[in-house]
Amino acid sequence: MKFLKGNETVRGLSRREFFGGAAGLGAVAALSSSTITRAAVTSRASRAIAARGARTARSAQDVGPLAGAIVNLGSYPGSGTYLNTANIFDGFVGLPLATTFQKVYMGHGSFPSTPSTKVTQLAAAGCQFLISIEPNRDMTTNEQKRIRAWLAMLNNAGISYRVSLYSECNNKAFATADEWLTYWNYYAPVVQDAGVVCAYEPGCGFPALPRAVAYFPTSPVPSELWLDYYATAFRAGGRIDQLISMAQTAGISTGIGEWGWSAGPSVFTPMVMPWWNEYCAYLISLAQQGKLAYGGMYFGSVSNGREADVIGSASDPRVPGIQNVSNALAAG
C-alpha cells in the first residue's frame with residue numbers, strides 16, 4: 001500500500017496482538033537470549049558519516065550495506081523534530097538505525113527548491129536517504145526539467161541519497177505493466193543521467209508479488225532493487241527470492257526498502273510473535289547469504305492512522321528481532 005504520513009497518537013498493540021498465545025511467549029523468551037552486536041552497526045554508521053562529504057549521489061551505492069529505520073513525527077508525538085524522533089527510536093532498539101538511513105516519501109509531482117525539513121535535520125547527523133519520487137503521470141519535458149533541477153539541488157546541498165522511482169508502483173498506481181514500464185522508461189534515464197542511483201522498489205505484499213515480478217524494468221535496468229516486504233506478507237506465503245534472482249540476473253543488488261510487523265489489512269493473516277520470529281529468521285538468512293547487499297530499513301512510522309509498526313518502548317518484544325535483523329543487514 002502507499003503510506004501516508006501523519007501525526008496520529010501512538011497506540012501500543014494489545015497483548016493478544018503481540019503474543020498470539022502461549023507459543024508467542026516462548027518465542028519472546030527465545031529471542032531475548034540472542035546476542036546483539038551494536039558495534040557492527042555503530043562502526044558502519046561512523047564510517048558513513050566520515051565519508052559523507054566526499055561522496056557523490058551516485059556513490060551512495062558504494063558505501064556498503066546500511067541498516068536503518070523509518071520514523072515520522074507521528075511515531076512519537078511531542079518529540080518536536082525528526083532528529084529527536086530518530087533518537088527516540090534508536091534509544092528504544094539500542095542501535096543507530098533511524099539516524100543512519102531513512103526513507104523519504106515525496107508527494108506526487110513534488111520537487112521543492114530546498115531539501116525537506118526531515119532531510120535537513122537528519123542529514124546534519126550524517127543520515128543517508130532513499131527518496132521515493134512520483135513525477136507527474138502526464139510525462140512532460142517540463143517535469144523532466146523539474147527533476148533535473150531538484151537532483152542538482154540535492155547534490156549541491158551535499159545530501160547522500162538514492163532515488164526510488166514511484167515506490168510500490170505495482171500496488172495500485174499503475175494498472176498494467178506496460179503503463180508502468182512506459183513511465184519508467186521516460187523518467188528513470190533522467191535520474192541516472194544526473195549521476196544518481198535510480199531504484200525499482202515494488203511492494204511485496206502477497207497479492208502484489210506477481211505484479212512486482214511483471215513490472216521489473218529492463219530499459220533502462222534499475223541501478224538497484226529495493227523491496228517493501230512485511231511480516232504479514234511472509235505469513236501469507238509471500239517470498240522475495242524470485243525478485244532477488246531477477247536482480248542478480250540483471251547485474252544489480254538488492255536491499256529492503258521497508259520491513260516490519262504489518263502493512264495493509266491483515267484480517268486473514270494477523271501478525272503474532274511466532275510468525276514474526278520466522279520472518280526475522282528468513283531476512284537474516286537472506287542477509288547472511290549476501291542477497292541483501294544494500295541492507296534495509298525497519299518501518300516504524302504511523303501511516304494511514306495505523307500504529308502497529310511503532311516501537312513504543314525498549315521492552316517491546318519485537319526489539320530483539322529488529323536488532324538481530326539489523327545487525328545481519330549491516331554485516332552484509
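Consider GLY332 carefully, then state whether it is within 23 Å of SER132 (Cα to Cα) and either open to solvent by 10 Å² or more (accessible area, probe 1.4 Å) or of a type outside the set (Asp, Glu) (or both).
Taking the combined requirement at face value, the residue does not satisfy it.
What do you reckon, is PHE89 part of a loop (DSSP other than H, G, I, E, B), touching a residue at least 24 places away in the same chain (Cβ under 8 Å) and of a type outside the set (Ser, Thr, Tyr)?
no
I'd like to verify a number: residues in region 278-298 that are of a type in the set (A, V, I, L, M) and open to solvent by 10 Å² or more (accessible area, probe 1.4 Å), how many?
3
Checking TRP275 against (1) out of contact with any strand residue (DSSP E or B) (no Cβ under 8 Å at 6 or more places or on another chain); (2) open to solvent by less than 10 Å² (accessible area, probe 1.4 Å); (3) of a type in the set (Phe, Trp, Tyr), which single condition isn't satisfied?
(2)
Suppose we keep only residues that are among the aliphatic types (A, V, I, L, M) and at pLDDT 95 or above within region 299-326. Which one would you say is most open to solvent (accessible area, probe 1.4 Å)?
ALA314
Go through region 119-132 and give me each residue that's in contact with a strand residue (DSSP E or B) (Cβ under 6 Å, 6 or more places away or on another chain) and without any contact (Cβ under 8 Å) to a residue 40 or more places away in the chain.
PHE129, ILE131
Yes/no per residue for (1) modelled with pLDDT under 95; (2) surrounded by fewer than 21 Cβ atoms within 10 Å (Cβ to Cβ):
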{"site": "ALA54", "(1), (2)": "yes, yes"}
{"site": "ALA67", "(1), (2)": "no, no"}
{"site": "ASN87", "(1), (2)": "no, yes"}
{"site": "MET106", "(1), (2)": "no, yes"}
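I'm checking my understanding of the structure. Among residues of region 235-272 that are under 15 Å from ASP309 (Cβ atoms) and buried (at least 24 other Cβ atoms within 10 Å of the Cβ), which one is farthest from the chain's Cα centre (by Cα)?
Only one residue fits best here, namely MET271.
The values are calculated or read from the model by the stated rules, or taken from the named source; none is laboratory data. Given the structure is predicted, the values throughout are model-derived calculations rather than measurements. Note that each Cβ is placed from the backbone with ideal geometry, even for glycine, and that neighbours are counted across all protein chains shown. Protein only, heavy atoms only, side chains kept; ligands, DNA and RNA dropped before computing areas. Shrake-Rupley method; radii C 1.70, N 1.55, O 1.52, S 1.80 Å.
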